[in-house]
Amino acid sequence: AGRAARPERTRNDIHDIHGPNLQHAQAGWPYLVLGVPALVLALVVRRLARARVVTPAERALRALEASRAEPDPEQFSTRVSDAIRTYVEGAFGVHAPSRTTEELFADLMVDGSPVAVHRDELGSFLAFCDLAKYARWSLSEHARTGMLASAEAFVRATAGGAA
């Protein structure tokens, strides 16, 4: 008596069971498969575009500046020499860090080398470094300053001709 009237059921009210409708879910996959790698690539390209390449000369000048604070004469000479040798290797493609001064000169002082015109400066500089490193020669503040100045001058003079 207190119940609401039910609508009458017709034959077409009940439908057979069908599988899930995947048309909408499948439509997004191509966008996801193509869009995510494209987004990652765009982010990588953007980051690389902002990243600035540091040249061997800039690296050497930074290392030389950092070596100013080294109080020990032997360590100071080693750091300055390593900065120049690493610069020569990076700029001119000559393996320099573990070679003797004579071996290094044999490779660098060939005709047409941008370093050849600076042979005397480089030779004096490396000989001075060798004295401080191997003969434990004490360096005055004036000698340290001169050593750094000659190293910086060598880098600046040869940076334009570096390969």
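In the range 42-163, inverting the average of 1/r over every pair of distinct C-alpha atoms gives 15.1 Å as the Kirkwood radius. Derived scalar couplings between HN and Hα for the range 94-109 equal 10, 5, 10, x, 9, 9, 6, 4, 5, 5, 4, 5, 4, 7, 8, 8 Hz in order, rounded to whole Hz, by the Karplus curve 6.51 cos²θ - 1.76 cosθ + 1.60 (θ = phi - 60°), x for Gly and Pro.
Coupling constants for the range 79-84 follow from the phi torsions by the Karplus curve (6.51 cos²θ - 1.76 cosθ + 1.60, θ = phi - 60°), and in residue order they are 5, 5, 4, 4, 4, 6 Hz; glycine and proline get x. Coupling constants for the range 37-43 follow from the phi torsions by the Karplus curve (6.51 cos²θ - 1.76 cosθ + 1.60, θ = phi - 60°), and in residue order they are x, 5, 5, 4, 4, 4, 5 Hz; glycine and proline get x. When the solvent-accessible area of the range 31-163 is split by element, carbon and sulfur atoms take up 60 percent of it, the probe being 1.4 Å.
The values are calculated or read from the model by the stated rules, or taken from the named source; none is laboratory data. Everything quoted here is computed from the prediction, not taken from an experiment. Note: accessible area is taken over every heavy atom of the protein model, side chains too, but ligands, DNA and RNA are not part of it. Shrake-Rupley method; radii C 1.70, N 1.55, O 1.52, S 1.80 Å.
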